[in-house]
1. Report, by residue number, each residue of region 122-149 that is open to solvent by 10 Å² or more (accessible area, probe 1.4 Å), assigned to a helix (DSSP H, G or I), out of contact with any Pro (no Cβ under 9 Å at 6 or more places or on another chain) and more than 17 Å from V286 (Cα to Cα).
2. Would you be able to tell me the number of residues in region 59-69 that are surrounded by fewer than 20 Cβ atoms within 10 Å (Cβ to Cβ) and part of a helix (DSSP H, G or I)?
3. For region 90-105, state whether one or more residues are assigned to a loop (DSSP other than H, G, I, E, B) and open to solvent by less than 10 Å² (accessible area, probe 1.4 Å).
4. Would you say S339 is small (G, A, S), farther than 20 Å from V249 by Cβ, crowded, with 16+ Cβ neighbours inside 10 Å and modelled with pLDDT of 85 or more?
5. How many of the residues making up region 362-389 are among the β-branched types (V, I, T), part of a helix (DSSP H, G or I) and open to solvent by 30 Å² or more (accessible area, probe 1.4 Å)?
6. When region 79-89 is examined, which residues are found to be surrounded by fewer than 24 Cβ atoms within 10 Å (Cβ to Cβ) and not aromatic (F, W, Y)?
7. Between I140, I133, which is touching a helix residue (DSSP H, G or I) at 6+ places or on another chain (Cβ under 6 Å) and over 14 Å from P354 (Cα atoms)?
8. Tell me whether region 390-403 contains one or more residues that are touching a helix residue (DSSP H, G or I) at 6+ places or on another chain (Cβ under 7 Å), open to solvent by less than 60 Å² (accessible area, probe 1.4 Å) and not in a helix (DSSP H, G or I).
Amino acid sequence: GWGWMIVAGCFLVTICTRAVTRCISIFFVEFQAYFGQDYARTAWIHSIVDCATMLCAPLGSLISNHVSCQVGIMLGGLLASTGLILSSFATSLEHLYLSLGVLTGLGFALCYSPAIAMVGKYFNKKKALAYGIAMSGSGIGTFILAPVVQLLIEQFSWRGALLILGGFVLNLCVCGALMRPIALKEDCKTAPEFLGQDYVLEARKRDLKRMSICSPLIKAWSHECLCYCSWKEYDFLLMPGFMVLAVSVLFMAYGCSPLFVYLVPYALSVGVSHHQAAFLMSILGVIDIIGNITFGWLTDRRCLKKHRHFCYLFAVGMDGLCCLFLPVLQNFPLLVPFSFTFGYFDGAYVTLIPVVTADVVGTSSLSSALGVVCFLHAIPYLVSPPVAGWLVDTTGSYTASFLLCGFSMIFSSMLLCFATLAKKIKRTHLQSLTNTGTKQHIWTNGAIAYSVTAELDQKDVEFLAVDTNSYSNR
């Protein structure tokens, strides 16, 4: 039953990390007016926050795997809160780059991916629904925090608003306390089979003589075992399915980031009031919640569970189409439907990212894989808002920026679609070969080898039996 407490903790983590990051765009106009800088230089603040969060995500996974998920999230909460508090005393954009960008982003990185990975470890059958509820914190937080942050800026200026947000983010320490560790059977399979039990026992005896307080892992495992386990933790990087997903994520991340930075400035540029612009972010956040939960529930159904990849790429493609139509929406009544549509599909694919990743790499490698997936967001998140700002400064309009975002997300969706179709065609071809001849007798050194191709859990597994007593999966 503690799994639902993990969901609640992850829900609060997404509020304190992703929702707060989105609401930084509300400070965009205030920073630009106070420091007298252009779009491109001001956009670096949001870019560095997102980049640091994603770039340091593997560090969060590393601390979670080898120290404790609770320690990592609590440490991240302290760093993020310190960064926001120091940002309230900023005297230049460079100050904000370091405090609000690097320090706060590093704190968010230590919290975000470990919390998401914990949900995947506690849930199996209702994994997509659990992720939908947990990830809906981003939408709920945006809905609540967007107007609250605007009100705080009006009452206490941007400095006071950042100071209050710094205190609010300290709740990440409470979230970290909820993350009770769990041991999975997959996690116990870390000893290399080729070393043998005798070697492992001898390695333990040797290393017990070289105990060190600074390196508790060396107490039980030899250097060879530790190197093997470290490699085994990231062996999914060589999987073709993960490689395609990684490239797709790069283009998707480039397309989605600028909109959260420039939606409010774009709305203000077409004559929408400040409160209406903040309300657009609130609408986006509320519909994001519906997308999180409904898509999580739908993809857990038996009819759609086998087609999660297609649901994910459909949601990404729809967000890309929304970006393409945004330049022609130049008043508040037209921007409201955009916020509804974009917010829904944004919540949909955000929910499915960890689910699709788990389907590709498995539960045992989920924490490390999510760290890598978040890491892949770093460069697009760093580059895309300044590039979009440069296009706005150069062309004098937002059209080129939004078109580039839309085409990037559509390409991401098409790339993953073609890869998935190719995999299904290959699987169908293998099944046809299996139907024509299911057994091949091969005589080698007096032993009979049976090569049988079968489908197990939507994956092609070839069973090779060298003799009647030894079996290995390849």
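1. Y122, L129 - these are the residues of region 122-149 that are open to solvent by 10 Å² or more (accessible area, probe 1.4 Å), assigned to a helix (DSSP H, G or I), out of contact with any Pro (no Cβ under 9 Å at 6 or more places or on another chain) and more than 17 Å from V286 (Cα to Cα).
2. Residues in region 59-69 being surrounded by fewer than 20 Cβ atoms within 10 Å (Cβ to Cβ) and part of a helix (DSSP H, G or I): 5 in total.
3. yes
4. yes
5. Total meeting the criteria: 3.
6. Scanning region 79-89 gives L79, S81, T82, I85, L86, S88.
7. Values: I133 fails: over 14 Å from P354 (Cα atoms).
Checking each option against the conditions leaves just I140.
8. So far as region 390-403 goes, yes, one or more of its residues are touching a helix residue (DSSP H, G or I) at 6+ places or on another chain (Cβ under 7 Å), open to solvent by less than 60 Å² (accessible area, probe 1.4 Å) and not in a helix (DSSP H, G or I).
The values are calculated or read from the model by the stated rules, or taken from the named source; none is laboratory data. Because the structure is a prediction, the values reported are computed rather than measured. Heads up, the Cβs are rebuilt from the backbone with ideal geometry, glycines too, and the neighbour counts pull from every protein chain shown. Accessible surface areas use protein heavy atoms only, side chains included; no ligands, DNA or RNA. Shrake-Rupley method; radii C 1.70, N 1.55, O 1.52, S 1.80 Å.
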